[in-house]
1. Tell me which residues, restricted to the range 248-271, are in a helix (DSSP H, G or I) and more than 30 Å from residue 293 (Cα to Cα).
2. Modelled with pLDDT of 65 or more, outside any helix (DSSP H, G or I) and either within 30 Å of residue 81 (Cα to Cα) or under 22 Å from the mean Cα position of the chain (by Cα) (or both): is that true of residue 213 in this structure?
3. Take the range 156-190 and flag every residue that is at pLDDT below 85 and more than 19 Å from residue 108 (Cα to Cα).
4. Only one residue in 205, 263 is at pLDDT below 85 and not assigned by TED's automatic domain parsing to the domain that holds residue 114, so which one is that?
5. Could you list, in sequence order, the residues of the range 275-296 that are at pLDDT below 85 and more than 34 Å from the chain's Cα centre (by Cα)?
6. Determine whether residue 66 is in contact with a helix residue (DSSP H, G or I) (Cβ under 7 Å, 6 or more places away or on another chain) and either without any contact (Cβ under 8 Å) to a residue 24 or more places away in the chain or in the same structural domain as residue 175 (by TED's automatic domain parsing) (or both).
7. Which residue is surrounded by the most Cβ atoms within 10 Å (Cβ to Cβ), if the candidates are limited to the range 39-62 and must be farther than 26 Å from residue 112 by Cβ and in contact (Cβ under 8 Å) with a residue 60 or more places away in the chain?
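The values are calculated or read from the model by the stated rules, or taken from the named source; none is laboratory data. Bear in mind that the values here come from a model prediction, so they are computed numbers and not experimental data. Every residue, glycine as well, gets a Cβ built from its backbone with ideal geometry; the counts of neighbours run over all protein chains shown.
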């Protein structure tokens, strides 16, 4: 059931990659074997600034196979940016994301699509048995448990690259930073709460090495904090900064009033009292927090342009 480039496919497979030249043709063969009897599909390879022969191989495959499309970034922008730009190129009713390192198994895709057809909005893979070193598995378990505690979304593997979405889900979210691991959370906030999970096979890495370093967990945690803050206050920054400013002004004003009474009626000097400086400081901080809140409201009214991704080539 392969499709010509002019036809709208049923599935769009988005595959972000960085320096995966050895695995690309084998990955295409695996996807084709898993899907050609079931669905019409397209594969969108997003080359996130590779410095090896990955892009040349993608160009060759695009000329050989009508299912293959691709775009290349001039530099490395990160997995979230690659997925976002890949999403914008998709045409299918169902969208699947897949890592390019051959550790995800495309044979899982038909069952995940069936789950979507049975009324799920999003299906996330769960690498229950992993072939990764303990330096990755232990931090991953801690990360997933902490994310569950913060978000309330019970998934065992937020980091799994193998996920399937209804089209309306990816059209309702925007990815940047390290947000790709929080797509279920973003989808839930947009009203897509039917989130499923499927145990998937995980294969040992066959070529190359992992592209994620020790800083991945910290970046992910900081992005989670950002997401929680943005979801609560992005449309009403004055509620956050104004609340802090109000408390600061109230306490600072109370201190200043107290010291004023002491000076006027009890003739106490204020210049040698640290409490006086503390009260003035709180008043100034209160004004500053209110100012930040007002500026935030103005920014919401006049949204800036999103960061431009510099695409070098597209096939």
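1. Within the range 248-271, 261, 262, 263, 264, 265, 266 meet the criteria.
2. It is false that residue 213 is modelled with pLDDT of 65 or more, outside any helix (DSSP H, G or I) and either within 30 Å of residue 81 (Cα to Cα) or under 22 Å from the mean Cα position of the chain (by Cα) (or both).
3. 176, 177, 178, 179, 181
4. 263
5. Once the filter is applied, which keeps residues that are at pLDDT below 85 and more than 34 Å from the chain's Cα centre (by Cα), the range 275-296 yields only 276.
6. It is false that residue 66 is in contact with a helix residue (DSSP H, G or I) (Cβ under 7 Å, 6 or more places away or on another chain) and either without any contact (Cβ under 8 Å) to a residue 24 or more places away in the chain or in the same structural domain as residue 175 (by TED's automatic domain parsing) (or both).
7. 55
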